[in-house]
Amino acid sequence: MISRGTTQQSSAPYNRRIVLDVIRRHGTISRKKIVELVSLSPQTVANITNDLEAIGLIVARRMKGAKKSRGQPPIAFELDPKAGNSIGISLDPGRASAGLVNLVGEILERREVDLDTHDPRRALASMIGLIRELRRRQRRSGRLWGIGVALPGPLIQTEISFVGPTALEGWKDLSVLDELRDATGLQVFYSVDSAAAALGETLFGVARPLDNFFYMHFGLGLGGTLVVNRSAYRGASGNATEIGHIPAVPGGKACYCGNAGCLERYLSLHSLAEALGLSQAPDRDARIVALLERDADVQLKSWCREAADRLRDAVCVIENVLDPLTIVIGGSAPKLLVERLVALAQPLHHSVRGGVAAPTTRILLSERQEDSSILGAAVLPIYDLLLPRFEVLQQERRGAADVAGLLGQRDLTGAGRL
Ligand SMILES: [Zn+2]
C-alpha cells in the first residue's frame, strides 16, 4: 500500500514524509514514478525532492541507460546512506549487543559484551562504554540521530514486568535510560525488543512489502508484536502480544510469572539451555549451535520435538486471532534452530490462513536473525523520520531542528514514558 499525498497546505510535512517513504521502499526511484505513486503534482514532488536533497536525506543520481526526455531529466533518487547513523543497543539478560547503523539499515560496526544486568548501574556503565566505542567510528561531520534501546518486555509496569531469567530481573523502572541520555548528550528512544525488531523488519527486512504481519521474537525469552499498517500495535497500556506468557500446557512447567505452562517455558533459548544443562554456560549459544550441527544429542532432539509442537499450536492461535499476512520469526536464536523447529512443526494446523496463504509463506524467517535486535533498536531514532505513520513507543525527540521542522515531526514527549 502506498500512502497518497494531499493538496492541503497544512499537510506539506506529511507529503514530504510520504515521498521519503516511497523513495525508501523502492531503493531507487525516478521523480516521474514518485509522481504516479503519491498523486501529487510534478511541481510539488520536485519541490519536495529539492527540499529533501537540500537537507541531505536523499541523493539524486543519473539513471543509467535512460534517455533524456523533454522536461524530465533522467534523475533517480535514493536515501543517502551517509545522511546519518544511529546507535542501536539490544539489552538481554546477561548481554548487550550494539551497532552503528546507517539510514539504509547497514550495520557499520558491531559490539557485544557480557554483563551482569541484575544491576542497572553496571548495565548503564556498559552501555556508555559501547556507545563511546561506536562513536569513534562515527564521522565527525555526520549526523547521529540518537540511541535506540531494545529491552525484553513487558516494560510498562505490570505484575509480570522485570521478573524471571528472561527479563531484566531486579529492575524497577527504566530511569537508567534518562541517565544514559544525560551521560551521552544524545536522544534516547526505547521499546520492547519484539516491537523494535518488528519495525526493523518493516523498514529493512523480509517484511518490507507487508502492511501487516505478526513478528515472533525468539531469543532468550519469547515475545511478539503485531504490525498493522506498518505500525506496532501496542494495546491499552503498551504491553500487547506478550505471547511468551500465554498458557500453552495445562498443568505444565512452573513459570516465573506465577502461572504454569507458559509458552516461553517450552519455546525459548532459556528453555533449551535449561533442558541441556547450559543455563549458566558463558558460551551457551555456541554450544547449542555445535549440538545442532552434530544432530546426535537425545535431549536436544526431544526438546525440539516438544518445542515444535508448541510452535505449531502458537501459529494456529496467532493466525486465528489476528489473521496476519504472515508470521515472521526473528530474534537472537540461531537460525539453524529456528529452521529446525519450523520444519518439525509441519504440517501446520488448519487455520484461517490455511488454504489462503501458501504453506511456505505462513512463516517467514528473518534474514537478519542475530542482527535483528540491534537493527530494531537502531531503527527507533530514525523510524518516524522514514515512515508517514509513527505510532511507536518513543521517549524523546531528536534535536535536529531543520529535519524536524521540514518533516513536521510532532512532539510525542511522554507518549512512551512509564
Ligand atoms: Zn509465564
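The values are calculated or read from the model by the stated rules, or taken from the named source; none is laboratory data. Keep in mind that what you see is a predicted model, and the values were worked out from it rather than measured. In this analysis, Cβ positions are derived from the backbone assuming ideal geometry, glycine residues included, and neighbour counts consider all displayed protein chains. Calculation scope for accessible area: heavy atoms of the full protein, side chains included, ligands and nucleic acids excluded. Shrake-Rupley method; radii C 1.70, N 1.55, O 1.52, S 1.80 Å.
Annotations
- Separation of the E159 and S41 label points, Cα + 7 Å toward Cβ, nm: 6.1 nm
- Percent antiparallel among DSSP beta bridges (both partners in segment 141-264, rounded to 5): 70 percent
- If you sort E159, E112 by accessible surface, 1.4 Å probe, largest first, the order is E159, E112.
- Most mobile listed residue (A98, A197, A12) in the chain, GNM with C-alpha springs under 10 Å: A12
- Computed from the C-beta positions of I75 and Y14 and an R0 of 30 Å, the FRET efficiency is 0.80 to the nearest 0.05.
- Contact order, relative form, for the chain: 18 percent (alpha carbon pairs under 8 Å, 6 or more residues apart, mean separation divided by residue count).
- Seen against the Cα atoms of the chain and their longest principal axis, helix 120-137 is set at about 40 degrees.
- Sequence of T49, T241 when ordered by accessible area, the most exposed leading, probe 1.4 angstrom: T241, T49
- Length released on extending from M63 to K33, taking residue separation times 0.36 nm less the Cα-Cα span: 9.5 nm
- The three principal axes of the C-alpha atoms in the chain carry coordinate ranges of 70, 53, 41 Å, sorted with the longest axis first.
- Mean-position separation - Cα centroids, segment 124-200 and segment 233-256, in angstrom: 23 Å
- Helix 284-294 vs. the chain, principal-axis angle (Cα, 0 to 90°, nearest 10): 80 degrees
- Over the chain: helical MRE at 222 nm, DSSP H runs n ≥ 4 each giving -39500 (n - 2.57), nearest 500: -11500 deg cm²/dmol
- DSSP bridge orientation in the chain - percent antiparallel, rounded to nearest 5: 65 percent
- In the chain, the portion of solvent-accessible area held by carbon and sulfur atoms comes to 50 percent [1.4 Å probe, whole percent, DNA, RNA and ligands not counted].
- Taking every protein chain into account, the 1.4 Å probe leaves D182 with about 110 Å² of accessible area, to the nearest ten.
- Label-point gap, in nm, between A183 and D297 - each point 7 angstrom along Cα→Cβ: 3.4 nm
- Ranking I107, C262, A195 by Cα position along the charge dipole of the chain, where only Lys, Arg, Asp and Glu carry charges on their C-beta atoms, puts I107 farthest toward the positive end.
- Virtual spin-label span in nm between S175 and I107, 7 Å along Cα→Cβ: 3.3 nm
- Rounded if a/c under 1.5, otherwise prolate or oblate - segment 241-360, Cα gyration tensor axes: oblate
- Compared with the alpha-carbon gap, the fully stretched path from A281 to R305 is longer by 6.3 nm at 0.36 nm per residue.
- Relative contact order computed over segment 237-294 (Cα-Cα under 8 Å; 6+ residues apart), in percent: 21 percent
- Volume per residue that the Cα convex hull of segment 135-229 spans, once the total is divided by residue count, Å³: 141 Å³
- Calculated accessible area for the chain comes out at 42 Å² per residue, all protein chains present (probe 1.4 Å; ligands, DNA, RNA ignored).
- Counting only alpha carbon atoms, the long axis of helix 335-344 and the longest principal axis of the chain meet at about 70°.
- Sequence-separation-based contact order of segment 116-196, relative, with Cα cut under 8 Å and 6+ spacing, percent: 39 percent
- Net lengthening on full extension, V317/K82 (0.36 nm per residue, minus Cα-Cα): 80.3 nm
- Largest accessible area first, the residues Y233, Y215, Y256 order themselves as Y233, Y256, Y215 under a 1.4 Å probe with ligands, DNA and RNA left out.
- Across all directions, the average flat footprint of the convex hull enclosing the Cα atoms of segment 27-174 is 12.3 nm².
- Cβ-placed point charges (K, R +1; D, E -1), dipole of the chain about Cα centre in debye, nearest 20: 1960 debye
- Nearest-0.05 FRET efficiency for T361 and V228, computed from C-beta distance (R0 22 Å): 0.75
- In the assembled protein chains, I243 presents an accessible area of approximately 10 Å² (probe radius 1.4 Å).
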